[in-house]
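Below is one structure, written out as structure tokens, with a few remarks after it.
The values are calculated or read from the model by the stated rules, or taken from the named source; none is laboratory data. Since the structure is predicted, the reported quantities are computational estimates derived from the model, not experimental observations. Note that we place each Cβ from the backbone using ideal geometry, even for glycine, and neighbour counts take in every protein chain shown.
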Amino acid sequence: MGDADTLFRLAALNTDYASCIDADRLEDWPGLFLEHCLYKITTADNHRRGYAAGVVYADSRAMLTDRVAALREANIYERQTYRHIVGMPALRPAEAGEIAAETPFLVVRTMRDGRMDLFAAGVYLDRVREDSGRLRFAERLVVCDSSRFDTLLAIPL
Amino acid sequence: MGDADTLFRLAALNTDYASCIDADRLEDWPGLFLEHCLYKITTADNHRRGYAAGVVYADSRAMLTDRVAALREANIYERQTYRHIVGMPALRPAEAGEIAAETPFLVVRTMRDGRMDLFAAGVYLDRVREDSGRLRFAERLVVCDSSRFDTLLAIPL
Amino acid sequence: MGDADTLFRLAALNTDYASCIDADRLEDWPGLFLEHCLYKITTADNHRRGYAAGVVYADSRAMLTDRVAALREANIYERQTYRHIVGMPALRPAEAGEIAAETPFLVVRTMRDGRMDLFAAGVYLDRVREDSGRLRFAERLVVCDSSRFDTLLAIPL
């Protein structure tokens, strides 16, 4: 698999990922991860300092599924719309059988009354593996530029 | 034509599309559509409810050309600058001879005095066909996250 | 080298470029340019009028390196974070041995207190060449949509 193919498959994975969240198909989102995985939302400051804890932390697909169920229960998701704009992935050195990539992202939020704001910006640090014929996340660290989070960050980024 | 090639050609079409609008080459914009086509700007709410009407609606290249002429006449276009940031297309199931894709977009507006704001965000739902050696839109639905439109939406998105 | 390959290598160059700035690896940034190069930040208005002068101007890699040193000295860089979101490049007609491309960009700034704003939007007009096995910029014109600049534009875009 050449670099161009790899980048394309990564870009397609990122598009699927964003689409699950932005089109409110949250139930499909955990399936983009391996069963044993790491999903973490953290800040650039904390990532730089090597803090393991995240604002959001899940280490299995089952935890991600639970998270989606909780979001549906709380019913806070429907009040606004998110739109991910995701840049091209940059390949990084990786272990055998894995692809490592760094990908910038921006999330714009639209409120019910039409107001739009910049919700989050940052970089995805990913480890991705082939699994049953498609790429899935072994690890996605969502490193946010901002250190200020509001409760809405219950929502996947 | 492999998926990677298809995605690249779609990405190039999207770049041309954005460039026509952002570089004020509006007269080139209708040429990116087939003669018989559908161009519609609508809201996520209305799209979900299946409403056929759009904030903007054109079903032929000639109508798009008329629209550009009207914009030039009204001379409202020159007062601000638009910048489309368009994500990677996600391929969707399509009829034979067509490509279907879903592509997120964000439009930033810069006013004459330098102020910038988020003008629109949403997703393009496209059906694309080969025509005289290049891809053209059979259909572009511009589904906006926001339900609030101002008159500026006379401008193509 | 086919168009798809070219686009991918350009996209990877753009990602590297953005990553140097956004991840505060400014010292790596001049290496993305040829020794004899042109780097200019200008406005759409001035570019249209054919003004040669730029808000920022450098015509060698050494000047870019000096610029980074000055930024480090002034220590103004660390107070905020930038995030480039860069679109797909559109290929343009080029001289033999060169690739010419036009690429939209958006830069979001995050302040130390968490506030985010739209910092800059515009288009990169690039001439790129193969040099020692990788692509480097012979010329990057950063054409900003806004004509209003503040002192922060000491920072590369």
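Take the conditions in contact with a Ser or Thr (Cβ under 9 Å, 6 or more places away or on another chain), part of a strand (DSSP E or B) and farther than 27 Å from residue C:124 by Cα and apply them to residue B:123. Does it pass? Judged against the criteria, residue B:123 is not a match. No other residue among C:147, C:132 is polar (S, T, N, Q) and touching a helix residue (DSSP H, G or I) at 6+ places or on another chain (Cβ under 8 Å) apart from C:147. What's the number of the only condition in (1) touching a residue at least 12 places away in the same chain (Cβ under 8 Å); (2) away from chain B (no Cβ under 14 Å) that residue C:3 fails to meet? Of (1) touching a residue at least 12 places away in the same chain (Cβ under 8 Å); (2) away from chain B (no Cβ under 14 Å), only one is false for residue C:3: (2). Looking only at the stretch B:24-55, count every residue that is touching a Phe, Trp or Tyr at 6+ places or on another chain (Cβ under 8 Å), free of Cβ contacts under 8 Å to residues at least 60 places away in the same chain and either away from chain C (no Cβ under 11 Å) or within 26 Å of residue A:7 (Cβ to Cβ) (or both) and tell me the total. Residues flagged as touching a Phe, Trp or Tyr at 6+ places or on another chain (Cβ under 8 Å), free of Cβ contacts under 8 Å to residues at least 60 places away in the same chain and either away from chain C (no Cβ under 11 Å) or within 26 Å of residue A:7 (Cβ to Cβ) (or both) within the stretch B:24-55 amount to 0. So, of the residues in the stretch B:24-40 that are at pLDDT 95 or above and more than 11 Å from the chain's Cα centre (by Cα), which turns out to be surrounded by the most Cβ atoms within 10 Å (Cβ to Cβ)? If we take residues in the stretch B:24-40 being at pLDDT 95 or above and more than 11 Å from the chain's Cα centre (by Cα), then B:37 is surrounded by the most Cβ atoms within 10 Å (Cβ to Cβ). Among the residues of the stretch B:60-97, just one is modelled with pLDDT of 95 or more, in a strand (DSSP E or B) and over 13 Å from the mean Cα position of the chain (by Cα), namely B:60.
Given the residues C:85, C:21, which is the only one that is surrounded by 13 or more Cβ atoms within 10 Å (Cβ to Cβ), within 14 Å of chain B (Cβ to nearest Cβ) and either within 29 Å of residue B:15 (Cα to Cα) or polar (S, T, N, Q) (or both)? After ruling out the rest, the residue left standing is C:85. Each residue in the stretch B:98-156 was checked for being within 14 Å of chain A (Cβ to nearest Cβ), surrounded by 19 or more Cβ atoms within 10 Å (Cβ to Cβ) and at pLDDT below 90, and 1 of them qualify. Every listed requirement among (1) farther than 20 Å from residue A:106 by Cβ; (2) modelled with pLDDT of 95 or more; (3) outside any strand (DSSP E or B) is met by residue C:52 save one, (2). If you go through the stretch B:53-66 one residue at a time, do you hit one that is surrounded by 17 or more Cβ atoms within 10 Å (Cβ to Cβ), charged (D, E, K, R) and under 16 Å from residue B:38 (Cβ atoms)? Yes - at least one qualifying residue is present in the stretch B:53-66.
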